[in-house]
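Read through the structure below, which is laid out as structure tokens, and then see the notes.
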Amino acid sequence: MIASFFRYLKDLIWRNDNLDWIEDLQELCDEQNMEIDSIPLVIDNPKVMPMVRGHAFEFELTRLLEKSLPKQYKVSNPYMNAQLGLHDIDVKIEEVKTGGKWSAECKLSSKGSFKYRKHPILGKIPSFQVKCMRSRTYTEKKAKEVAPKIGVDWEELVVHNDQYRSADFDIVASSLANAFYITDDDGHFAYSPGDIDKGKGKEYLDHFGINQKQCFETVVFARSEDIIPKNTPDFSCRRKVCYDPDCGFVPNYPTVWLKEDRLGVEPPWVLIDELPALLEAGP
């Protein structure tokens, strides 16, 4: 692990003229009392890795969008001190000419979730799920404090204490890769399509010639409004005490349905090359 980390640093230094990040890394380590060579060991911990990978996805998505979106769009990672009730923005997309703005919430696919599931219309087709839940849940006290500010009943927030409202962000973004990860015998996260859905995960990727890097770059998007029970005829809220099965809260594990004849997704999800059309519909 350490050897591969430093090989990566060497390659990065060789390819990059701007080496300010090296000083930034050293300053960060000094400030937090860490040795640089301990960073791989710190990160490669079952308690730490999911959080780090989730946050890293925000920056990777920004790089992908900067390459893929037309020039009229500006993409950034706003730094915000998130507070309960004031949702932070993972990735911000702006249309320079019109001033249109979109907030994208970055969520990894649920670990090992690739599976052939029964679609309500299309039958059994490949799919994966997105792990889309709040890291800071609502207590009754906080719900009563926040509810008036966002115009909902505090009881709703308590019932859906770990769920987002569709108004919290405009777009959900996820990547295919994590759906093919497992936790190995040593407790480490490992890319292992052959262990997913009795080998069907590897068969699916091999059929389309998709490697691990391409999995990471296969990013899907959906408007938050389009994945809530209120706007999804074949899906109802599964909270037992929710008084409205067609509520406006984003499910914890929305399903992304994959096409079988090509690398694509079923609506309301789109791939990155289809994102401009989604943005043109307005935030």
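No value in this document is a laboratory result; all are computed from the given coordinates. Because the structure is predicted, anything quoted here is derived from the model rather than measured. Ideal geometry is used to build each Cβ from the backbone, glycine not excepted, and the neighbour counts take in all protein chains shown.
Using all pairs of distinct alpha-carbon atoms, the Kirkwood hydrodynamic radius of the range 144-283 works out to 17.3 angstrom.
When the Gaussian network model of the chain links Cα atoms closer than 10 Å, the mean-square fluctuations of Asp186, Asp206, Asp244 top out at Asp186.
This ranking places Tyr204, Tyr191, Tyr79 by how few other beta-carbon atoms lie within 10 Å of each, fewest first, which gives Tyr79, Tyr191, Tyr204.
As a length-normalised measure over Cα pairs under 8 Å and 6 or more apart, the relative contact order of the chain settles at 17 percent. Mean-square fluctuations from a GNM of the chain, with a 10 angstrom spring cutoff on Cα atoms, peak among Leu65, Leu258, Leu28 at Leu28. Globularity index of the chain is 1.07 (Cα radius of gyration / 2.2 N^0.38 Å, N = number of residues).
Counted residue by residue at 0.36 nm each, then reduced by the alpha carbon distance between them, the extension gain from Ile39 to Asp88 reaches 15.0 nm. Greater than 21 Å separation of Cα atoms is the criterion. Which listed pairs, Lys47/Lys142; Lys47/Lys111; Lys107/Lys141; Lys101/Lys141, meet it? Listed pairs above 21 Å: Lys47/Lys142; Lys107/Lys141; Lys101/Lys141. Taking the fewest neighbouring Cβ atoms within 10 Å as the starting point, the ordered list for Phe189, Phe180 is Phe189, Phe180. Using the Cβ-Cβ distance between Glu145 and Asp195 with R0 = 41 Å, the FRET efficiency computed as 1/(1 + (r/R0)^6) comes to roughly 0.40. Amide H contacts for Val256 (H built 1.01 Å from N in the peptide plane; partners 5 or more residues away or on another chain; cut-off under 5 Å): Phe128, Gln129, Val130. Note on Arg262 and Lys118: with the Förster distance fixed at 22 Å, the Cβ-Cβ geometry gives a FRET efficiency of about 0.60. Taking other C-beta atoms within 10 angstrom as a stand-in for reagent exposure, Tyr138, Tyr116 fall in the order Tyr116, Tyr138, fewest first. Of the DSSP beta bridges with both residues in the chain, give the percent that are antiparallel, rounding to the nearest 5. Around 90 percent of the beta bridges assigned by DSSP in the chain are antiparallel ones.
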